[in-house]
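Colleague: Handing you a structure now.
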Amino acid sequence: LFPELVPSIMSNMLNPDAIFSNNEMSLSDIEIYGFDYDYTLVFYSKHLHTLIFNAARDLLINEHRYPAEIRKYDYDPNFAIRGLHYDVHRALLMKIDAFHYIQLGTVYRGLSVVPDEEVIAMYDGSHVPLEQMSDFYGKSSQGNTMKQFMDIFSLPEMTLLSCVNEYFLKNNIDYEPVHLYKDVKDSIRDVHIKGIMYRAIEADIEKYICYAEQTRAVLAKLADHGKKMFLITNSPSSFVDKGMKFIVGKDWRDLFDVVIVQADKPNFFNDKRRPFRKVNERGVLLWDKIHKLQKGQIYKQGNLYEFLKLTGWRGSKVLYFGDHIYSDLADLTLKHGWRTGAIIPELRSEIKIMNTEKYIQTMTWLQTLTGLLEHMQVHRDPDSQMILEEWKKERKEMREMNRNFFNAQFGSLFRTDENPTYFLRRLSRFADIYMASLSCLLNYEPDYTFYPRRTPLQHELPGWSDQLCTGTFRIPFLQETVQIK
């Protein structure tokens, strides 16, 4: 049976350019499209994270008096993944699932994995209580000891934290983990706030920005269908202007009805006190009172309540896209009723891995082993128990092999063994749809309805559910492409 399953699965590979839905949504109901800028409209090359890492590392040395020897550490793009948690007091980076359980084998102190027995001793098992988890926006505050890294820009931050921890541990230097966490966080923040990153990108835009004419194609298609569009970003005006001119064209502002920069999300969605300010062509802030948000004009700061009052763009006719599950999407769906779309660049590479024959063989056998263990555990004779122990050992090895398909340290962004990750739990809660990039919209008609796939619950018949879900209209298989006309 096992050899026959693999070709069957291989014939139904997923399309990495598909859009996936957590909630039923029809694009025919969407009249207004909103966008974040970084990692939504614009994507950056691998050079940017190296730049952020190096700049923050230098700030640690020059401004926070850290040892110059930490310069020997270079950025490793393959070390961390998004969605990890960091125990601020214990200086541990780890992956946690949707039920607050730590995935053993993915706990790192510095650049070295912490043995399972040590993790279990520290946490009295592998469960992290709710009161120790990060706050609503993933921050470590008000007694929470965990910080969750949800931003793509946080990849160099996690790596820098781990590298400095590694240096202190290797050299037997006594240090306060809380101070290290704060200093690294401040240094990463200063790379943005002091304009180091912005100046570097503007000086060599072709090196850092991945040019993609599909962004222009998406915006143009929406405009042709009479959709209104707006941009809300935390990035500064001149930086956004140069980037959009590069990827969309000099007339990029003609496509947008409203442009808001330095919005300070997520505060933008909650703080009613800050009014909008106009920004002129030279980047100077004007003092005029804003009675209307005009097309072609750039605005700074403001708040969503004023935005809704001035535009009247409310409720489920608005669809907003962003890459940060908390800062971009959470408040919009929970408090304001907007529809939300998450841009998850890692999705494309993970689906390509899942489409490989080696991965499918490994997962098929892993599921087979799990089923055998479940059904054969009732046999208590010594020979059966010996076989069961061998199967358990093999299952553990297969799980580790499965993790290594994605990231050698932490595995998939979306799964911890059988369970969803904490990242996926939040994605499922705050995003109606999710995709690898905005270009995926080009594969769908402007009145297309997204239906979440009905996956079997634990108490439902899998055969019945599988038969319903394997129809080509339910799963976005690789051989399927629906092109906009």
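The values are calculated or read from the model by the stated rules, or taken from the named source; none is laboratory data. Owing to the predicted nature of the structure, the values given are computational and were not obtained by experimental measurement. Don't worry about glycine lacking a Cβ; one is built from the backbone with ideal geometry, like all the others, and counts go over all protein chains shown. For accessibility, only protein heavy atoms count, side chains too; no ligands or nucleic acids. Shrake-Rupley method; radii C 1.70, N 1.55, O 1.52, S 1.80 Å.
Colleague: Mind checking region 316-347 for chymotrypsin sites (Phe, Trp or Tyr not before Pro) that DSSP puts in a loop (not H, G, I, E or B) and that have at most 15 other Cβ atoms within 10 Å?
Modeller: For chymotrypsin sites (Phe, Trp or Tyr not before Pro) across region 316-347 that sit outside H, G, I, E and B with at most 15 neighbouring Cβ atoms in 10 Å, the list is empty.
Colleague: Just the number: Rg to Rh for region 46-202, Cα atoms, Kirkwood Rh, two decimals.
Modeller: Result for region 46-202 is an Rg/Rh of 0.96.
Colleague: Oh, and also: Rg and Dmax in Å for region 324-401, alpha carbons only: what are they?
Modeller: Just the Cα atoms of region 324-401 yield Rg and Dmax of 20.6, 61 Å.
Colleague: Next question. Would you tally the net charge around TRP313, using a Cβ to Cβ cut-off of less than 14 Å, leaving TRP313 out, and scoring K and R as +1, D and E as -1?
Modeller: Once positives and negatives cancel, what remains is +4.
Colleague: What lysines sit close enough to LYS250 to cross-link, taking a C-alpha to C-alpha distance under 17 Å and skipping anything fewer than 8 places away on the same chain?
Modeller: LYS242, LYS295
Colleague: Is the shape of region 224-346 best called rounded, prolate or oblate, per the rule: a/c under 1.5 gives rounded, else a/b larger than b/c gives prolate, else oblate, with a ≥ b ≥ c the square roots of the Cα gyration tensor eigenvalues?
Modeller: Working: a/c = 1.44, a/b = 1.14, b/c = 1.26.
It comes out rounded by the Cα gyration axes.
Colleague: Under a Cβ-only charge scheme (Lys and Arg +1, Asp and Glu -1), can you give me the dipole magnitude of the chain about the Cα centre, in debye to the nearest 20? Please list the in-between numbers first.
Modeller: On the way: 60 positive and 64 negative charges, 410 e Å.
Dipole size: approximately 1960 debye.
Colleague: Which of the aspartates and glutamates could be linked to LYS72 by a straight reach, that is with a Cα gap under 19 Å, when you skip same-chain ones fewer than 8 residues away?
Modeller: Answer for LYS72, where 19 Å is the Cα cut-off: ASP58, GLU63, GLU157, GLU166, ASP183, listed by chain and number.
Colleague: Antiparallel DSSP bridges in the chain: what percent, to the nearest 5?
Modeller: So the antiparallel bridges in the chain amount to around 55 percent.
Colleague: Of LEU219, THR368, VAL113, whose Cα points farthest to the positive end of the dipole of the chain (charges on the beta-carbon: +1 Lys, Arg; -1 Asp, Glu; origin at the Cα centre)?
Modeller: So the residue furthest toward the plus end is LEU219.
Colleague: Are there any GluC sites (Glu not before Pro) in region 57-146 that are in a DSSP loop and have at most 11 other Cβ atoms within 10 Å? List them by number.
Modeller: none
Colleague: Shifting gears a bit: I'd like the carbon and sulfur percentage of the solvent accessible area for region 114-244, probe radius 1.4 Å, heavy atoms only, ligands and nucleic acids excluded.
Modeller: Using a 1.4 Å probe with all protein chains present, region 114-244 comes out at 49 percent carbon and sulfur.
Colleague: Something else now. Would you mind checking the pairs LYS147/LYS265; LYS139/LYS358; LYS147/LYS207; LYS182/LYS396 and listing those with alpha carbons more than 29 angstrom apart? Could the numbers behind the result be given before it?
Modeller: Details: LYS147/LYS265 18 Å; LYS139/LYS358 38 Å; LYS147/LYS207 31 Å; LYS182/LYS396 37 Å.
Those over the limit are LYS139/LYS358; LYS147/LYS207; LYS182/LYS396.
Colleague: With a cut-off of 8 Å between alpha carbons and a minimum separation of six or more residues, what is the relative contact order of region 46-202 in percent?
Modeller: The value is 29 percent.
Colleague: Translational D (Stokes-Einstein, µm²/s) of region 357-454 at 4 °C and 1.567 mPa s when Rh comes from the Kirkwood sum over C-alpha pairs?
Modeller: Estimated diffusion coefficient is 78 µm²/s.
Colleague: With +1 on each Lys and Arg Cβ and -1 on each Asp and Glu Cβ, how big is the dipole of region 27-110 about its Cα centre, in debye rounded to the nearest 20?
Modeller: I would put it at about 560 debye.
Colleague: Let me check the size of region 297-357 from its C-alpha atoms; what are the radius of gyration and Dmax in Å?
Modeller: Taking only Cα atoms of region 297-357, I get Rg and Dmax of 15.9, 54 Å.
Colleague: Okay, moving on. Filter the trypsin sites (Lys or Arg not before Pro) in region 369-417 down to the DSSP loop ones having no more than 15 other Cβ atoms within 10 Å, then list what survives.
Modeller: ARG380
Colleague: Tell me, what is the 1.4 Å probe accessible area of LEU161, in Å² to the nearest 10?
Modeller: Accessible area of LEU161: about 0 Å².
Colleague: Pop out the ³J(HN,Hα) list for region 75-82 in order, Karplus 6.51 cos²θ - 1.76 cosθ + 1.60 with θ = phi - 60°, rounded to Hz; leave Gly and Pro as x.
Modeller: Coupling constants for region 75-82: 6, 10, x, 9, 7, 10, 10, 5 Hz.
Colleague: Any idea of the accessible area per residue across region 323-364, 1.4 Å probe, to the nearest Å²? Each step should come with its number before you reach the end.
Modeller: Numbers: 1370 Å² over 42 residues.
Per-residue accessible area for region 323-364 comes out at 33 Å².
Colleague: Okay, next question. What residues have an amide H closer than 5 Å to that of ILE209, excluding those fewer than 5 places away on the same chain, when H is modeled at 1.01 Å from N in the peptide plane?
Modeller: Result for ILE209 returns SER45.
Colleague: Let me ask you something else. Could you do me a favour and compute the accessible area per residue for region 46-202, 1.4 Å probe, result in Å²?
Modeller: Accessible surface, normalised per residue, equals 43 Å².
Colleague: Evaluate 2.2 N^0.38 Å with N set to the residue count of the chain, then give the Cα radius of gyration divided by it.
Modeller: Dividing the Cα radius of gyration by 2.2 N^0.38 Å gives 1.04.
Colleague: Additional query: Farthest toward the dipole's positive end in the chain, which of THR449, HIS379, ALA263, given Cβ charges of +1 (Lys, Arg) and -1 (Asp, Glu) about the Cα centre?
Modeller: Working it through, the farthest residue towards the positive pole turns out to be ALA263.
Colleague: Count the net charge of all other residues whose Cβ sits under 12 Å from the Cβ of LEU27, scoring Lys and Arg as +1 and Asp and Glu as -1.
Modeller: Cβ neighbours under 12 Å give a net charge of -2.
Colleague: What net charge is computed for the residues neighbouring PRO77, neighbours being all others with C-beta under 13 Å from the C-beta of PRO77, Lys and Arg scored +1, Asp and Glu -1? Intermediate results must be reported in sequence, preceding the final value.
Modeller: Working: positive: LYS46, ARG82; negative: ASP74, ASP76, GLU346.
My count for the surroundings of PRO77 gives -1.
Colleague: Normalising by the residue count of the chain, find the relative contact order in percent from Cα pairs under 8 Å and 6+ residues apart.
Modeller: With pairs under 8 Å counted, the relative contact order is 26 percent.
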